[in-house]
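Remarks on the structure that follows.
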């Protein structure tokens, strides 16, 4: 989805501007009297035999010409002409035709904003009409102009988000009777949950509707909605999204486990950091108490798939303790470097701990303390531990809305070693890591859930075995010590003694700063958060998680 620009105001007489190009927008009429630049024909193309093929960066005039032709043609209903000014005419024509015929959107007025390089933001105002019912539609989106390599012609880079920012490849805009009735979602105290009050819950509310709309006994209304590509529903499990309700229908009621106080606090905490996500849950039951993301287009907290960095050492430590390869109070190697599978691994700032315990290595997040044990493990050991004890990676969680259940694939050589410290092929999200620290705290996996299984009598995922009493005791001690005197101590200050925490930093190719992770428990609360490109987890995600544990205590 493109970043929304600031759109120019609609006016009868006030000119709209794309860069230095001026056009008068006439309400209800054509797009305006634009001056077109360059030797563009009716289809926006140039004649190859008139001049050599242009290369290099696009000029401001070329961007203005392509954008103007496309927007003018679209607004005037000349779909084929608008599509011809894109780099995928067939897809563009299908989408713009569907906009009119499937979405029943008419009276389109497009107002450009200020050009930024090759990008032109614009606002859309139109009317949705279906079976005698009408509602206004307004939103902002943008287009980008590119140069076609074979002939140098400037064209609109076609993507579904040009039509609407919520559209992805394969999605459609459709107006009609909704197949799924609306729902009224309640928090644990009986209050109504809305996206206006809790912006992070937009995708959650869409998911609740898709799963419980029919079961809750509501009646469908007439809506303009984004219908997701069928394959995406299976793979990404992204629910359809309602954009405009022409007829509201009658909602059914679904109660969730969300705490209004914690949800409000979570929204405020993630707003302090870009690309931040957090989940709060109750370790003893699995109830999800809060979920929030600072970006509201994708629910990273539930559906993200990110390397968890050193927070993965919670699972790895339980494996090493189970196998007798580590013990909290016993001496354990933490050298500057360890080589395994042809890769040379090191600690942050190349530190080492001489004659230290495993507890000291865990608290300092010593990578080599874990990599050094790789040669004593089988390739599938970590995968089995994650599945059998922590309930991860089996794609069987049923929390009430779409979620990703973590992935710890079987790997070999250097990739297997990297998995021990949360890199390699390991993928998690804050929901997964809140569950991991909850299992470490209680000793038994309780599948997280947002809607009680008593509502629809669904089964929850189970783990094959709990942590042994000895492993659980040592794992809790490792986490307590890290919260009291290790890398998590600053964030967790004042929250003890019944607490534990682990920090993490996960390197990402092409990203200057690593993703910062933090997961912790306090009493019967657990939380996990990630700040993408946030740097060290104790400094980025740590304050978010700790603040929520304080709020709920």
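The values are calculated or read from the model by the stated rules, or taken from the named source; none is laboratory data. Fair warning: this is a prediction, and the values are worked out from it, not measured in the lab. Ideal geometry is used to build each Cβ from the backbone, glycine not excepted, and the neighbour counts take in all protein chains shown.
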Looking at the range 72-97, which of its residues are closer than 16 Å to residue 173 by Cβ and touching a strand residue (DSSP E or B) at 6+ places or on another chain (Cβ under 6 Å)?
92
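Take the residues of the range 110-154 that are closer than 20 Å to residue 53 by Cα and out of contact with any helix residue (DSSP H, G or I) (no Cβ under 6 Å at 6 or more places or on another chain): which is surrounded by the most Cβ atoms within 10 Å (Cβ to Cβ)?
This residue is 153.
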Looking across the range 412-441 at residues that are part of a loop (DSSP other than H, G, I, E, B) and on the phi > 0 side of the Ramachandran plot, the single one that is modelled with the highest pLDDT is 422
Of the conditions (1) at positive phi; (2) part of a helix (DSSP H, G or I), residue 393 clears all except one; give me its number.
(2)
Identity of the residue in the range 343-371, farther than 26 Å from residue 393 by Cβ and in contact with a helix residue (DSSP H, G or I) (Cβ under 6 Å, 6 or more places away or on another chain), that ends up modelled with the lowest pLDDT
347
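Sort out which residues of the range 487-508 are in contact with a helix residue (DSSP H, G or I) (Cβ under 9 Å, 6 or more places away or on another chain), assigned to a loop (DSSP other than H, G, I, E, B) and surrounded by fewer than 24 Cβ atoms within 10 Å (Cβ to Cβ), and write them in order of number.
First, pick out the residues of the range 487-508 that are in contact with a helix residue (DSSP H, G or I) (Cβ under 9 Å, 6 or more places away or on another chain): 487-507.
Remaining after also requiring assigned to a loop (DSSP other than H, G, I, E, B): 487-488, 493-498, 507.
Of everything in the range 487-508, those that are in contact with a helix residue (DSSP H, G or I) (Cβ under 9 Å, 6 or more places away or on another chain), assigned to a loop (DSSP other than H, G, I, E, B) and surrounded by fewer than 24 Cβ atoms within 10 Å (Cβ to Cβ) turn out to be 493, 494, 495, 496, 497, 498, 507.
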Criterion: surrounded by 15 or more Cβ atoms within 10 Å (Cβ to Cβ), within 24 Å of residue 550 (Cα to Cα), out of contact with any strand residue (DSSP E or B) (no Cβ under 8 Å at 6 or more places or on another chain) and at pLDDT 95 or above - qualifying residue of 481, 449
481
Mind listing just one residue for me: the one in the range 163-179 that is assigned to a loop (DSSP other than H, G, I, E, B) and touching a strand residue (DSSP E or B) at 6+ places or on another chain (Cβ under 9 Å) and, of those, modelled with the lowest pLDDT?
178
Looking only at strands (runs of 3 or more DSSP E) that lie completely in the range 200-310, which have at least 3 residues being within 18 Å of residue 521 (Cα to Cα), assigned by TED's automatic domain parsing to the domain that holds residue 398 and free of Cβ contacts under 8 Å to residues at least 24 places away in the same chain?
none
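Scan the range 119-162 residue by residue and report those that are in a loop (DSSP other than H, G, I, E, B) and within 15 Å of residue 69 (Cα to Cα).
Matches in the range 119-162: 153, 157, 158.
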Would you mind telling me which numbered condition in (1) within 18 Å of the chain's Cα centre (by Cα); (2) under 27 Å from residue 253 (Cβ atoms); (3) assigned to a loop (DSSP other than H, G, I, E, B) residue 404 fails?
(2)
Would you be able to say whether some residue in the range 89-103 is in the same structural domain as residue 143 (by TED's automatic domain parsing), in contact with a helix residue (DSSP H, G or I) (Cβ under 7 Å, 6 or more places away or on another chain) and assigned to a strand (DSSP E or B)?
no
In the range 331-340, residue nearest to residue 475 (Cα to Cα) [restricted to those that are touching a helix residue (DSSP H, G or I) at 6+ places or on another chain (Cβ under 6 Å) and assigned to a loop (DSSP other than H, G, I, E, B)]:
332
Boolean, residue 316 is farther than 19 Å from residue 468 by Cβ, assigned by TED's automatic domain parsing to the domain that holds residue 429 and crowded, with 22+ Cβ neighbours inside 10 Å
no
Would you be able to tell me the number of residues in the range 509-536 that are farther than 16 Å from residue 308 by Cβ, touching a residue at least 40 places away in the same chain (Cβ under 8 Å) and assigned to a strand (DSSP E or B)?
2
Might you check whether a residue that is within 26 Å of residue 405 (Cα to Cα) and out of contact with any strand residue (DSSP E or B) (no Cβ under 8 Å at 6 or more places or on another chain) occurs anywhere in the range 252-260?
yes
Return the residue satisfying two criteria in turn: it lies in the range 342-374 and is within 17 Å of residue 423 (Cα to Cα) and over 33 Å from the mean Cα position of the chain (by Cα), and of such residues it is surrounded by the fewest Cβ atoms within 10 Å (Cβ to Cβ).
342
With respect to residue 306, determine if the residue is surrounded by fewer than 23 Cβ atoms within 10 Å (Cβ to Cβ), closer than 21 Å to residue 383 by Cα and within 29 Å of the chain's Cα centre (by Cα).
yes
